[in-house]
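Visitor: Can you keep this structure in mind? I'll have questions shortly.
The values are calculated or read from the model by the stated rules, or taken from the named source; none is laboratory data. Because the structure is predicted, anything quoted here is derived from the model rather than measured. Here the Cβ is made from the backbone with ideal geometry for all residues, glycine too, and neighbour counts use every protein chain on show.
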């Protein structure tokens, strides 16, 4: 590598004229047509969530906690998490049933860099692969970019192909795998990293709105256009692990 000439200016990043660090999430209610995200509270959501997750221990395979042996154990876990701003947990209330059926959070919140992550996503079978769950992810992403964040992250165990597939479907661009990144439940975790950045959000927001539109579903609720087809036009990089995955 040849040395840079003294007379040449060093390459620097683009100036962020007028940008100021955004506020931290404060647990405001986020509501859509199919889902409402409420600050997680043990007394309000614990029983619903434990019932929704009960019997589905595989939901906790890639989580750093769980499964929980009883409703009281899960209630205590929520008590320890509620009211925190990092992670900032939400209960996902399915408006069609009126019951809380999933959890998600903002975490690794770094306002000074304009970076925020979505994670701790745990969806009951009743909520998985549904319109409401996708709307929940849209509402959280929309909040982050509306608040002024520049980078929205998704990280998961590299062995968790369903999570990697979900990230790509939602428009996150693959950034690589961090080897030996964490130790979770006594096991090594390599982490796959994904992100959406602010310059991509306007086009991605329109992709979500087009997919979520009632016009995109037939009388039986079947989608006409797939979200992955709409977000493919926005993503800057695809996950190579998914090319040949089932």
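Visitor: Of all residues in the range 137-165 being within 20 Å of residue 65 (Cβ to Cβ) and out of contact with any helix residue (DSSP H, G or I) (no Cβ under 6 Å at 6 or more places or on another chain), which is surrounded by the most Cβ atoms within 10 Å (Cβ to Cβ)?
Guide: 155
Visitor: What are the residues in the range 211-224 that are exposed (fewer than 14 other Cβ atoms within 10 Å of the Cβ) and under 18 Å from residue 137 (Cβ atoms), if any?
Guide: Hits for the range 211-224 are 213, 223.
Visitor: Does residue 58 fit the bill of being outside any loop (DSSP other than H, G, I, E, B) and either within 30 Å of residue 221 (Cβ to Cβ) or at pLDDT below 95 (or both)?
Guide: Yes.
Visitor: Which of (1) surrounded by 11 or more Cβ atoms within 10 Å (Cβ to Cβ); (2) under 21 Å from the mean Cα position of the chain (by Cα); (3) closer than 23 Å to residue 195 by Cα does residue 19 not meet, given it meets every other one?
Guide: (2)
Visitor: Mind checking which residues of the range 108-126 are in a loop (DSSP other than H, G, I, E, B) and either touching a strand residue (DSSP E or B) at 6+ places or on another chain (Cβ under 7 Å) or under 16 Å from residue 39 (Cα atoms) (or both)?
Guide: The answer is 114, 124, 126.
Visitor: I've got another one for you. Within the range 67-82, which residues are touching a strand residue (DSSP E or B) at 6+ places or on another chain (Cβ under 8 Å) and not in a helix (DSSP H, G or I)?
Guide: 82
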